[in-house]
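Notes follow the structure.
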Amino acid sequence: MITIANEKNLDSQEIVGSGRRPDGTGRTDQVWDVVVVGAGPAGAVSAFLLAGMGFRTLVVERSPWPRPKPCGGCLSHAGVHLLERIGLSGVLEEVGAAATDRFVLEWQGRRASVPLAAGRAFGRRRFDEAVMKQAMAAGACFVTRARASLAAVDGDHRRVRLECDGATREVRASLVLACDGLHGRLMAGISNQARWINPNSWIGLGAAIPPGVVELEPGEIRMVCADRGYVGLVRIEEGAVDIAAALDPALIRERGSPYTAIQSCLDQSADRDLVHAVTAELGRSEPLRGTPALTWRCQRAWENRVLAVGDACGYVEPFTGEGMSWAILGAVAVARSARKILERGWSEQLGQDWDRRRGQGVVARRIGCGLISHALRYPNLAYGIVSGLARFPRLARSVTGRLHRPWRVNI
């Protein structure tokens, strides 16, 4: 477990990690090549790659560590392949990630199933911690319980203010990566950073249920659809079950709480034992955690010496593991852009280049996932699509194969 020396006082707080410089001379705590804000998949993988290139890298996480996250918990075949290519496939074995190989949709007691290319499922608490350990082993440094905000540009550096329990410290970085997730706050205060949030967007909720409580077939990603929401269930490490829901906020208000809204969606399942087990346990061992509106995008993904990565520059409701895969792909892409910036120096042209490159490889898949998530708002249509695919296995393999096809990227 990653710890810090003094959680009460940032001035005496230890920054954990080796922080190797390219010349091997060690680090200072004030000047960095890269400050990465956020230790989720985008931030941790970015730190792993940049530290491995020899750049002084500091990761800042505002939460206590490790921390749970509301997440579907699925990594698609494309994401698994990408982890293998960058040398992080070992983390899946370390966390005991479960295999996934099919998608099952339920609506009004009916069920349809289609095969998926081999993926993995796991809890974010363990996965994010394991990837951060690899980033630190590569030379990155890590500070937690610290809120980061952008300060002024200072010559060839951007100042970053770190706050913890009323104490403040400033560090300087040649480049800052905003990897702070859905509606991240790092770039929100910049006047020219307009963002668009889909007014019809649903919100996300998630929790994990301990092993032995819910019986779910190994390898199955199950999605139960209702008129104004859907609930996904998948077995993760050690037989625990991850629950992730996307719900219309109006449904939550109508039902009185997120728990009863999720139960109303699960009532569409014919598996009454599963419904009873989930509703009895949900919120007992772990509280539900929520997200802001899921579908949104920012006007641009850069500012002076700052690049936004992953969910911090936009998000579309994912489908069976695409969200984390996109974040990892974004980290691989930004590491290449960051290296160019750190070697050549910052310019607006390089920021604009990142704005163009950040969507490469995911635009078509995001459009596909957007269409699928839109179909899920009309369960009759969604069921018809999935049941139709189930009757034509070759077509089903072609569709899911295109969604999860490994990316051809230069590492």
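What follows draws every value from the coordinates through simple rules; no lab data is involved. Fair warning: this is a prediction, and the values are worked out from it, not measured in the lab. Here the Cβ is made from the backbone with ideal geometry for all residues, glycine too, and neighbour counts use every protein chain on show.
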Problem set entry | the chain: calculated mean residue ellipticity at 222 nm from DSSP helix runs of at least 4, using -39500 (n - 2.57) | -10000 deg cm²/dmol
Problem set entry | For the stretch 205-337: span of alpha carbons on each principal axis (Å, largest first) | 53, 35, 23
For this session: Report the FRET efficiency, 1/(1 + (r/R0)^6), for S387 and N410, where r is their Cβ-Cβ distance and R0 is 51 Å, rounded to 0.05.
Result: 0.80
Exercise. Put a dot 7 Å past each Cα toward the Cβ at E343 and T168; how far apart are the dots in nm?
Worked result: 3.8 nm
Problem set entry | Spin-label model distance (nm) - N380 vs H276, 7 Å beyond Cα toward Cβ | 3.2 nm
Seminar exercise, completed: Zone reached by a paramagnetic label modelled 7 Å from E215 Cα along Cα→Cβ, restricted to the stretch 239-283 with backbone N below 20 Å, covers 239-243, 266-282
Exercise. How many nm separate the modelled label positions at V399 and R67, each set 7 Å beyond the Cα in the direction of the Cβ?
Worked result: 3.8 nm
For this session: Out of all DSSP beta bridges with both ends in the chain, state the antiparallel percent to the nearest 5.
Result: 70 percent
Problem set entry | Signed unit charges on C-beta, dipole axis of the chain, positive-most listed residue L274, V60, G401 | G401
Problem set entry | Using alpha-carbon coordinates, inclination of helix 124-137 to the longest axis of the chain, degrees | 30 degrees
For this session: For every other residue with a beta carbon closer than 11 angstrom to the beta carbon of R305, add +1 if it is Lys or Arg and -1 if Asp or Glu, then tell me the sum.
Result: -1
Problem set entry | Karplus-derived 3J(HN,Hα), 6.51/-1.76/1.60, for each residue of the stretch 378-395, Hz, glycine and proline x | 10, x, 4, 5, 4, 5, x, 5, 5, 5, x, 5, 5, 7, 10, x, 5, 5
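Please compute the volume of the convex hull spanned by the alpha-carbon atoms of the chain and report it per residue in Å³. Walk me through the numbers on the way to the answer.
Numbers: hull volume 55.3 nm³, N = 411.
With only Cα atoms used, the chain gives 134 Å³ per residue.
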Exercise. By how many degrees, between 0 and 90 and to the nearest 10, does the Cα long axis of helix 77-86 differ from the longest principal axis of the chain?
Worked result: 20 degrees
For this session: Take peptides 236-244, 266-274, 327-335 and line them up by average Cβ neighbours within 10 Å, highest first, as a rough protection proxy.
Result: 327-335, 236-244, 266-274
